[in-house]
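Everything on this sheet refers to the single structure shown next.
The values are calculated or read from the model by the stated rules, or taken from the named source; none is laboratory data. Everything quoted here is computed from the prediction, not taken from an experiment. All Cβ positions, even for glycine, are placed from backbone atoms using ideal geometry, and neighbour counts span all protein chains on display.
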Amino acid sequence: MRKSTVFFSFIILCGLLLFVILYRIPVSQKKSEAMIASNAKIVRELKLTDLSLFTEARYTRHPSMADLHSAFQDHPLALDHFPSGSLVTPPHFYNEAP
Amino acid sequence: MNSSFERHRNIVDFALSSLLRRKAKNLSLLAVYTLIVFVIASIIFFIHALKREAMLVLQNAPDMVVQRLAAGRNDPIPLGYQEKIAAIRGVSGVEPRLWGYYFDAAVGANYTLMASDKQQLEPESVIIGSGVARTRRLAEGDMMAFRAYNGEPTLFQVQSILPYASELVAADLIILSNRDFHALFNFPKGVATDFAVSVRNPRELTTIAAKIVRQFPDTRPILKREILRTYDSIFDWRGGMMIVVVAMAVLSFIIFAWDKATGLSAEERKEIGTLKSIGWETTDVLFLKFWEGSAISLSAFLCGVILAYCHVFFFSASLFEHALKGWAVLYPQFKLTPAVDPYQLAVLFFLTVIPYTVTTIVPSWRAATVEPDAAMRS
Amino acid sequence: MILQPAVLALLVGSLLTSFMLLYALCYGIRILARWNIKSGSELQLTLERRTYLISTILSYTMAFQLLSLFLFIYTADHLHSQFSGAMCAAGTLNVNAFGYPLLIMKIVNFMFSGLWLIISHADTRGYDYPLIKFKYALLIVIAPLVILETFFLFEYFLGLHADVITSCCGSLFSIDKPGISGDLAALPSGPMETAFFSGMALTFASGLYFYCKGKGGYIFSALSFLTFAISVAALISFICLYFYELPTHHCPFCILQKEYGYVGYILYIALLGGGVAGIGTGVLLPMRNSGSMARVVPSLQRRLIATNLLLYLVFTLIVSCRMIFSSLILGK
Amino acid sequence: MESGDGGTRCRHEVVSVIRLLHVTKSFNTGKSNQFTAVQDVSLEIESGRVTVLKGPSGSGKTTLLTLIGCMARPTSGRIMLRAIGSSALPGMEEADEVEITSLPERFLTGIRRTAFGFIFQHFNLVRGITVLENVMLPAYPTGEGRGAVHGRALKLLEIFNISRHAHSRVDLLSGGEIQRVAIARALINNPSVIIADEPTAHLDTKLSGEFMEIIGNFKAEGKTILIASHDPLVHDSALVDMVVEMRDGRIIQDGSGR
């Protein structure tokens, strides 16, 4: 068996696997619709606004609700001291209202 | 039948056998390369799936949330504002929201407490998120102690637990009745944390927000579009941040590949000299080096992407948990629905295969221009 | 500055390409200065070896130009959600002054790289590097253009601030909006259709004539370039209307999106490829009968004409069958 | 074209295959360590004959071989080839003379691949791959079907009776066997000219005798053979038609046929 045949078939195999993965995604997305629907119901009922990803601080738990200065609210010189703070920056405070 | 396809197949044969001959060097190169593709792909897939789920779920967030700011800090909003806001044309409903945070010293976790009267809650009982249940190992009917505003422990009974699947939005959520909320925090009457405003026609939101701000200058309306865009740009920024971190890894890898390619061992140089002396032309040797490079980068790219897909969607990005979790004790366990589109793969291809290929152009050319008669003289 | 993975990829890619081209340029200039095919001196041999490096670099640059052109448009389309008012790539490109010049630079560079590769291919077939001087003169033109493009790319992406109010493609390409995109949309669809189809027909006729008879090359090349320009204008003025079935939506980028089945990519590749092949035929004409080129150029030109006609045919077929089956009937 | 017995002129019209006119090759020109390997050499090599370049090492024999074998280009002077390798140059008829001095490297390699078979002093076999692959290696870039090349290679290994080593690694073979693999590799593309550089340097007398027999077979087949050697067993052999003596890059005595 020539090495090039082995290599090309390996690449084609991986390509096919990737294609199947990409092709199967809408299927699994349909499966998860029920879960997303139930989450959506909870969000609507309880009027939630944020994902509960990082629960260390106010501005990381509710980034859209936190005001501009909440990241430095402890005292004037308090640096942002949560690791996830480096990932969650306070939102740009652009006032939509004209 | 002299076809260039056959020629390339022969060259690929020789390229692969020359790769296998220097197994240690090339396998380490392949391993590092696959690892880098794996990390970048995991980040891109994780963020894209999370962003998509956030968008789908948060579509149902309130149309507008009105907060009151005092000295730049959030401050409870008086219920008096409610009628005036409800009176604005286009507003279909204003519902005050009562919510806050509670630090549970025993476990070191922060919970979000929310008051709601629509959940048929008996007095002294709560509905808790499954994250809370997991952290405190509570089941339905157990008792849960909170330290009230004056330090005395108050007991609540767990009436029910939110479904496991809702951890993404309500892992740390605790729902209690209005009366209990006021009692627990001695929350002043006549005020709410903020208002959730729903409007009849979403296109009116900006004009209504303008009216609210003109009427109550100390308030800050947050539109649903802004909430969604916060997640859209945050994740991009986070994606960008992580990519910048990984870019360092790519850079180090390129230096690794460069010195691998330039550090042509004498043995390799002699071998190429032999090839050139027996009839291989410079372009053939260039193709040889090209195929060597693309064999490694293609297999690394494909393996990296497939491994990343399994990591993010079958093991729900367990490797990233510590990075994302930070110091939070309570981290939601959620299974992301796969969401990958060809655009991301193209970006990933650009970020990994192209720098690698470019770094090997000059060294492979330098290798290819070995003198044919060098083999004669050696 | 929007630090998106795609933006990062584009910046890194174009930086690398510019460095490679600079590297190639300084050797190209040395080649131009010291090239003497007759002498067997050491310098001549090293310069000849250098030509391999430069043609490898240029082929990678060409491939990168094509890929990054589409990735750029797709990224612009992807970012439109960040800007209120931007409905698709057209809006995002309009966010600052560098969007459209950058797009035009990318297309121009793609065409130039294509030309360079065609000439280089012809040159390698000759026995004494006949086109070497012309090839590296062209390189001196390409390198600054690519560096300019990289500069535009950085300016554009550095100047991108999320949520800048921008005009959406509907208004950007609307009839009354001044500026070239506005005028292109303003071209009346009736005459444009006739211009487009007659341009295509003439190109086919002169192509076949040149293919068989070997004469009339300049006419063919001029016609194919003219048809390329007409097709770009036609794409904006009436072709995309048939795709969107909306008489006012003139945006040429939306056909790249998913809901139109990514048909935009095929159209763009066919148009760009055909354009490069057409112009390549014309550029090769002067060398048709000089020395060793006499044997190489005619066969190469025939292949170029074949690719040009084939790609234009693909473009015309897609457009015309779209026009037939589209439910939009444009008044003349 | 029937083949005459060894040594006498073959009864076919002698055609000069390779002509060199005032060829010079100098290295590091202009620098301090400039040296001229080949100095103003003019030579004619006829087809179907065995020519030996005789001279001490360092007399420019090897450099002259690389110039003839289209491996390197002369600093000045002209090299003409007739009736060999023109298949590698599209648009050239078989008979007319081709000047290869200033051909781009792509065409030089084309000619070398189709017309010349090289046997190196140090054999230059690629160590990591099998004997069969080594023999097939020169045919890879031609794009010829793998089946045909594979068949031809096996046949060659049989001719030199080393087909039992076909799938073993090169470094396990003895000196004589390696020599025969190198010869088989040189023949894979059926070249019309064989160039050997010091072929008998690493062989004992018995193996050298065998090598000269092989050279005899080539001559019988009408191939042109060019050997650089200072081994008396080679340049005094009966097969040799022309001996060219070289010293310090110059031709001293251009011995005609015996």
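For the condition among the aliphatic types (A, V, I, L, M), surrounded by fewer than 15 Cβ atoms within 10 Å (Cβ to Cβ) and over 30 Å from B:E321 (Cβ atoms), what is the one hit in B:A115, B:A70, B:A15?
Unique residue meeting the criteria: B:A70.
List every residue pair whose Cβ atoms sit under 7 Å apart, with the two residues 6 or more apart in sequence or on different chains, where the first one lies in region D:233-255 and is at positive phi and the second, anywhere, is of a type in the set (G, A, S).
D:D248/D:S59; D:G249/D:A37; D:G249/D:S59; D:G249/D:G60
Which condition from (1) facing another protein chain (nearest Cβ under 9 Å); (2) closer than 30 Å to D:I183 by Cα; (3) at pLDDT 85 or above; (4) assigned to a helix (DSSP H, G or I) is the one that B:G279 breaks?
Of (1) facing another protein chain (nearest Cβ under 9 Å); (2) closer than 30 Å to D:I183 by Cα; (3) at pLDDT 85 or above; (4) assigned to a helix (DSSP H, G or I), only one is false for B:G279: (4).
Considering only region B:118-148, how many residues are buried (at least 18 other Cβ atoms within 10 Å of the Cβ) and part of a loop (DSSP other than H, G, I, E, B)?
Final tally of qualifying residues: 2.
Of all residues in region B:125-152, which are out of contact with any Ser or Thr (no Cβ under 8 Å at 6 or more places or on another chain) and over 15 Å from B:L113 (Cα atoms)?
B:R134, B:T135, B:R136, B:R137, B:L138, B:A139, B:G141, B:D142, B:M143, B:N150, B:G151, B:E152
Going through region C:287-332 one residue at a time, which ones are part of a helix (DSSP H, G or I), over 21 Å from C:K215 (Cβ atoms) and among the basic types (K, R)?
C:R322
Pull up region B:215-229, narrow it to residues that are closer than 21 Å to B:A71 by Cβ and at the interface with chain A (Cβ under 8 Å from one of its Cβ atoms), then point me to the one that is surrounded by the most Cβ atoms within 10 Å (Cβ to Cβ).
Of everything passing the filter in region B:215-229, B:P221 is surrounded by the most Cβ atoms within 10 Å (Cβ to Cβ).
Need a quick list: helices (runs of 4 or more DSSP H) entirely within region B:1-116 having at least 2 residues that are within 30 Å of the chain's Cα centre (by Cα), under 30 Å from B:F256 (Cα atoms) and in contact (Cβ under 8 Å) with a residue 24 or more places away in the chain.
B:23-58
Would you mind stating whether C:Y127 is among the hydroxyl-bearing types (S, T, Y), part of a helix (DSSP H, G or I) and farther than 23 Å from B:L351 by Cβ?
no
Enumerate the helices (runs of 4 or more DSSP H) found wholly within region A:1-79, keeping only those where 2 or more residues are within 30 Å of B:V12 (Cβ to Cβ), of a type in the set (A, V, I, L, M) and modelled with pLDDT under 90.
Correct list: A:3-31.
Among (1) out of contact with any Asp or Glu (no Cβ under 9 Å at 6 or more places or on another chain); (2) more than 26 Å from B:D373 (Cβ to Cβ), where does D:H165 come up short?
All conditions pass for D:H165, except number (1).
Looking for whichever is assigned to a helix (DSSP H, G or I), in contact with a Gly (Cβ under 8 Å, 6 or more places away or on another chain) and modelled with pLDDT of 80 or more here; the options are C:S231, C:S237. Which one fits?
C:S231
May I ask you to list the residues in region C:203-219 that are farther than 18 Å from C:A270 by Cβ and in a helix (DSSP H, G or I)?
C:A205, C:S206, C:L208, C:Y209, C:F210, C:Y211, C:C212, C:K213, C:G217, C:Y218, C:I219 - these are the residues of region C:203-219 that are farther than 18 Å from C:A270 by Cβ and in a helix (DSSP H, G or I).
When you go through (1) within 8 Å of chain B (Cβ to nearest Cβ); (2) assigned to a helix (DSSP H, G or I) one by one for D:Q121, which number turns out not to apply?
Going through the list (1) within 8 Å of chain B (Cβ to nearest Cβ); (2) assigned to a helix (DSSP H, G or I), D:Q121 breaks only (2).
Listed here are the residues, each with its yes/no results for (1) of a type in the set (S, T, N, Q); (2) at pLDDT below 85.
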| residue | (1), (2) |
| --- | --- |
| D:N28 | yes, yes |
| D:G58 | no, yes |
| D:T62 | yes, no |
| D:R78 | no, no |
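From C:T46, C:T17, grab the single residue that is facing chain B (nearest Cβ under 9 Å), out of contact with any helix residue (DSSP H, G or I) (no Cβ under 9 Å at 6 or more places or on another chain) and on the phi < 0 side of the Ramachandran plot.
C:T46
Matching residues to (1) outside the structural domain of C:A143 (by TED's automatic domain parsing); (2) closer than 21 Å to B:F287 by Cα; (3) surrounded by fewer than 21 Cβ atoms within 10 Å (Cβ to Cβ):
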| site | (1), (2), (3) |
| --- | --- |
| C:S14 | no, no, no |
| C:L21 | no, yes, no |
| C:A24 | no, yes, no |
| C:R30 | no, no, yes |
| C:R49 | no, yes, yes |
| C:L69 | no, no, yes |
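With (1) of a type in the set (A, V, I, L, M, F, W, C); (2) surrounded by fewer than 22 Cβ atoms within 10 Å (Cβ to Cβ); (3) within 12 Å of chain B (Cβ to nearest Cβ) as the list, and C:I104 as the residue in question, which single condition is left unmet?
For C:I104, the failing item is (3).
I want to confirm something. Restricting to region B:129-145 and keeping residues that are within 26 Å of B:F334 (Cβ to Cβ) and hydrophobic (A, V, I, L, M, F, W, C), which single residue is farthest from the other protein chains (Cβ to nearest Cβ)?
Applying the filter and picking the extreme gives B:A139.
Here are the criteria: (1) among the aliphatic types (A, V, I, L, M); (2) under 14 Å from D:F120 (Cα atoms); (3) in contact with a helix residue (DSSP H, G or I) (Cβ under 7 Å, 6 or more places away or on another chain). Tell me which single one D:A186 does not satisfy.
(3) is the only condition that D:A186 fails.
Where in region B:333-378 are the helices (runs of 4 or more DSSP H), entirely inside, with at least 2 residues that are more than 8 Å from chain C (Cβ to nearest Cβ), under 30 Å from D:S57 (Cβ atoms) and aliphatic (A, V, I, L, M)?
B:374-377
Here are the criteria: (1) surrounded by 15 or more Cβ atoms within 10 Å (Cβ to Cβ); (2) modelled with pLDDT of 85 or more; (3) part of a loop (DSSP other than H, G, I, E, B). Tell me which single one B:V169 does not satisfy.
B:V169 satisfies all of (1) surrounded by 15 or more Cβ atoms within 10 Å (Cβ to Cβ); (2) modelled with pLDDT of 85 or more; (3) part of a loop (DSSP other than H, G, I, E, B) except (3).
Kindly establish whether C:C321 is assigned by TED's automatic domain parsing to the domain that holds C:S221, at pLDDT 85 or above, surrounded by fewer than 22 Cβ atoms within 10 Å (Cβ to Cβ) and of a type outside the set (S, T, Y).
yes
On the basis of being buried (at least 21 other Cβ atoms within 10 Å of the Cβ), outside any helix (DSSP H, G or I) and within 11 Å of another protein chain (Cβ to nearest Cβ), does C:G40 make the cut?
Yes: the conditions hold for C:G40.
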